[in-house]
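*Asks:* Following this message is one structure expressed as structure tokens.
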Amino acid sequence: MTDDGFRGPQRGADRAVLLAHGAGADMRAAALTVVADALAGERIPSLRFDFPYRQAGRRAPDRPPVLLAAVRAAAERLVLGGRSMGGRICSMAVADDADPLPALGLVLLGYPLHPPGKPERLRVEHFPSIVVPVLFVSGTRDAFAAPDELERHAEQIKGPVRFWWLETADHGFKPLKASGLTPAAALAAAAEAVVGFVQSLD
């Protein structure tokens, strides 16, 4: 069976979620499919898509202008978001000073605040231009963004911000075995957080 990236009801919904994949994955990434299925269970449609480089069978991401154009082409007025790089690109599209992409909100799954071990290379220059509600879902062991770092820099965002922390989980949402939380349970908790956030938006 092919996966066209669409989940949920095709009629009667007053909102939808666009989910973009991370740099090393495609639209079939586990974090995106579990979230999409959870949203569908609450009758919230979602659309996952592949960036042009994935459609062309390449592994290396396109430059940001090409990625931004792909997000704009896939969305009109939706809750935008995605995993790692995909979420970052969606947040940049919403924050674009010259031509901001309208959105009801942003869902950022494992936001890559900086490369691992390089906290000086922040990816927050666009945060002050974000005026929509934002949900950050991150692991407490994420090498791309420690909880205190993410909370501190998210204060620049003008829209309301929520955080959902996955205890002991890393950037891939994999928790430590000692936590008693399985990877599947961590993904389910992330999906539940996204569903609640999307349902709360006016």
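The values are calculated or read from the model by the stated rules, or taken from the named source; none is laboratory data. The structure displayed is predicted, hence computed values, not measured ones. Methodologically, a virtual Cβ is constructed for each residue, glycine included, from the backbone with ideal geometry; neighbour enumeration extends over all protein chains shown.
*Asks:* Just to be sure I understand the filter: pairs with C-beta atoms under 9 Å, separated by 6 or more residues or on different chains, first member in region 151-165 and assigned to a loop (DSSP other than H, G, I, E, B) and modelled with pLDDT of 95 or more, second member loosely packed, with under 15 Cβ neighbours inside 10 Å and not aliphatic (A, V, I, L, M). Which pairs pass?
*Replies:* Gln156/Pro128; Ile157/Pro128; Lys158/Pro128
*Asks:* When you go through (1) over 14 Å from the mean Cα position of the chain (by Cα); (2) over 25 Å from Pro183 (Cα atoms) one by one for Ala16, which number turns out not to apply?
*Replies:* For Ala16, the exception is condition (1).
*Asks:* Regarding Val131, is this residue under 17 Å from the mean Cα position of the chain (by Cα) and within 23 Å of Ala38 (Cβ to Cβ)?
*Replies:* Numbers: under 17 Å from the mean Cα position of the chain (by Cα): yes; within 23 Å of Ala38 (Cβ to Cβ): no.
The answer is no for Val131.
*Asks:* Going through region 173-182 one residue at a time, which ones are modelled with pLDDT under 95 and either buried (at least 17 other Cβ atoms within 10 Å of the Cβ) or in a helix (DSSP H, G or I) (or both)?
*Replies:* Within region 173-182, Lys177, Ala178, Ser179, Leu181 qualify.
*Asks:* Go through region 107-159 and report how many residues are on the phi > 0 side of the Ramachandran plot and surrounded by fewer than 23 Cβ atoms within 10 Å (Cβ to Cβ).
*Replies:* Residues flagged as on the phi > 0 side of the Ramachandran plot and surrounded by fewer than 23 Cβ atoms within 10 Å (Cβ to Cβ) within region 107-159 amount to 1.
*Asks:* Considering Ile89, Ile44, which residue is crowded, with 18+ Cβ neighbours inside 10 Å, touching a Gly at 6+ places or on another chain (Cβ under 8 Å), assigned to a helix (DSSP H, G or I) and not charged (D, E, K, R)? It would help to see each step written out before you state the result.
*Replies:* Working: Ile44 fails: assigned to a helix (DSSP H, G or I).
Residue meeting the stated conditions: Ile89.
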